[in-house]
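Worksheet for the structure shown next.
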Amino acid sequence: MQTNLADFIKHTRDGDEAEAILRACVHCGFCTATCPTYQLLGDELDGPRGRIYLIKQVLEGAPVTAKTQTHLDRCLTCRNCETTCPSGVRYGRLLDIGRKVVEARVERPLAERLQRLMLKEALPRRWIFTSALRAGQLLRPLLSKPMQDKIPRFQLAGRRPARRHARKMLVLEGCAQPAMSPNINAATARVLDALGVQLIAAPKAGCCGALRHHLNDQAAALDDMRRNIDAWWPHVGTDSAHAVEAIVMTASGCGVTVKDYGHLLAHDPAYADKAQRIAALTRDLSEVMPQFEEELARRIGGNIGGAAAGKIGGGLAAVAYHPPCTLQHGQQIRGKVESLLRAVGVDVALCADSHLCCGSAGTYSILQPALSLQLRNDKLAKLEACGAQAIVSANIGCISHLQSGTETPVMHWIELIDRALKDGVPKNAARKTVSPSPA
Ligand code: SF4
Ligand code: SF4
């Protein structure tokens with residue numbers, strides 16, 4: 001696509017990158033058909049090709065309006081369009097640049113500004129988010145049903161292993177996940193411990209930066225990233241005797257961002273090289289586990305008396321897997337979770353339209369509630385049509401969003417493996433929930 005950038009962005013880092021991306025787009029429109037917001041709204045400007053055109057106009061100096069901002073706001077950043085695009089257009093990166101320019105030119109109404117400020121200041125701070133969530137859980141019985149649905153039930157994490165192993169991996173604990181579903185990282189630690197790997201955390205690491213980045217506070221997001229690099233560096237430095245094998249992501253939404261640290265901090269001379277190394281060491285949990293597939297199959301098969309004795313969960317007829325967009329489109333990882341679950345005997349199915357977003361998309365479910373709910377309900381209808389007794393996924397945002405609309409238990413796939421290792425036969429996939437303890 002021929003472009004003629006305006007002086008304000010021409011020959012800048014963002015301008016050069018945007019120009020290269022815009023030139024790659026041949027305007028074929030293949031991406032439009034697979035865009036969830038285009039499918040819902042039927043407006044070309046709520047699909048990738050239309051948004052690319054809007055961003056091009058903005059970067060060429062056309063007037064920017066609140067309408068432009070609305071079309072960009074409605075994008076889920078699911079990057080389904082990148083998977084579909086035959087020309088390799090990096091739409092997500094172009095959207096970041098376009099949103100940044102539009103945000104600086106169009107003042108949002110006060111209520112929107114306050115809402116965004118609250119989200120970017122509260123969500124990434126674990127102590128604020130945890131306190132708010134616990135208060136909500138305590139008051140849950142007094143709330144309306146729609147509000148109750150939004151608040152995940154209190155969950156126990158269970159035991160963290162204390163054994164030391166020569167093999168070590170780092171885990172990003174995350175900001176919201178430890179409060180919403182502490183069992184995910186604990187289950188990961190237990191499974192890896194059983195396989196001879198010690199999972200360690202760097203206490204000073206926090207939010208990966210995705211929340212602030214997608215709320216257009218790029219400077220604060222970069223500070224989050226630098227803080228994490230500082231926290232992890234002693235574990236990944238040049239001393240190979242003490243270096244961890246990998247930095248493990250149990251939430252694909254964080255993983256897609258940490259894998260991008262090298263690109264996002266390439267302009268920072270103090271952090272560019274370190275960011276590259278951190279990104280290169282980062283693995284989604286589904287990339288780490290296949291090396292243990294045989295061992296897991298042997299142990300779990302042993303627990304249930306061999307494969308002939310029945311599939312894992314002899315009482316768990318079927319599990320439906322929802323692949324998060326940040327895994328299948330953002331990181332281009334497909335098939336690994338299903339393959340691992342099948343290897344240990346889980347009867348796992350992908351539902352129809354598994355490439356489509358569930359509507360969670362970070363803070364999208366709060367900022368665009370109507371579209372988000374529609375996408376969630378469509379996704380749940382497809383997942384439940386599989387006849388699944390449980391739904392598994394790989395990202396806390398998707399898990400809690402889906403759980404808010406169904407009684408079918410929704411969990412991280414590693415929790416299923418953890419239970420199978422412990423009990424052998426998870427007769428009932430329902431996770432344990434208890435009332436919040438004032439302590
Ligand atoms: S982004 Fe890709 S698929 Fe979409 S219009 Fe451009 S070239 Fe075609
Ligand atoms: S990122 Fe998702 S919602 Fe946004 S344009 Fe692409 S397909 Fe559509």
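Laboratory data are not the source of any read-out in this text; all were calculated from the coordinates shown. In this text the structure is predicted, and so the values were computed from the model without any measurement. Neighbour counts are summed over all protein chains in view; Cβ atoms, including those assigned to glycine, are modelled from backbone coordinates with ideal geometry.
Computed from the C-beta positions of Arg299 and Met147 and an R0 of 56 Å, the FRET efficiency is 0.85 to the nearest 0.05. The label point for Lys10 and the one for Leu373, both projected 7 Å from the Cα toward the Cβ, are 4.8 nm apart. In plain terms, the bigger the Kirkwood radius, the slower the diffusion; for the stretch 292-423, with that radius from Cα pairs, at 25 °C and 0.890 mPa s, Stokes-Einstein puts D at 161 µm²/s. Fully extending the segment from Gln115 to Gln2 would add 36.9 nm, taking 0.36 nm per residue of separation and subtracting the current Cα-Cα distance.
Taking 0.36 nm per residue of separation and subtracting the current Cα-Cα distance, fully stretching the chain between Glu44 and His165 would add 38.1 nm.
Of the residues Leu94, His401, Ala361, the one whose Cα sits farthest toward the positive end of the charge dipole of the chain, with +1 on the Cβ of Lys and Arg and -1 on the Cβ of Asp and Glu, is His401. Relative contact order for the chain: 15 percent, from Cα pairs under 8 Å spaced at least 6 residues apart, divided by residue count.
In this structure, Arg342 and Asp423 have a Cβ-Cβ separation that, at R0 = 22 Å, corresponds to a calculated FRET efficiency of about 0.70.
Computed from the Kirkwood radius of its Cα pairs, the Stokes-Einstein diffusion coefficient for the stretch 13-105 at 20 °C and 1.002 mPa s stands at 165 µm²/s.
Taking label points 7 Å from Cα along the Cα-to-Cβ direction, Ala62 and Ser131 give a separation of 4.6 nm. Neighbour counts of other Cβ atoms within 10 Å put Trp233, Trp127, Trp413 in the fewest-to-most order Trp127, Trp233, Trp413.
Averaging 1/r across all pairs of distinct Cα atoms in the chain and inverting the result yields a Kirkwood radius of 22.8 Å.
Put a plus charge on the Cβ of each Lys and Arg, a minus charge on the Cβ of each Asp and Glu, and nothing anywhere else: the dipole of the chain about its Cα centre is then about 1120 debye.
List residues of the stretch 133-153, by number, whose backbone nitrogen lies under 18 Å from a label position 7 Å along Cα→C-beta of Glu384. Backbone N within reach: 145-151. Rounded to the nearest 20 debye, the dipole size of the stretch 13-105 about its Cα centre is 60 debye, using +1 on the Cβ of Lys and Arg and -1 on the Cβ of Asp and Glu. Counting beta carbons within 10 Å around each of Leu5, Leu170 and listing the fewest first gives the order Leu5, Leu170.
Residue order for Ser181, Ser365, fewest other beta carbons within 10 angstrom first, comes to Ser365, Ser181. With each label modelled as a point 7 angstrom along the Cα→C-beta vector, the His267-Ala243 pair spans 2.9 nm. Site-free segments of the chain were taken between GluC sites (Glu not before Pro) in DSSP loops having at most 11 other Cβ atoms within 10 Å, sites themselves excluded; the longest one is 108-406.
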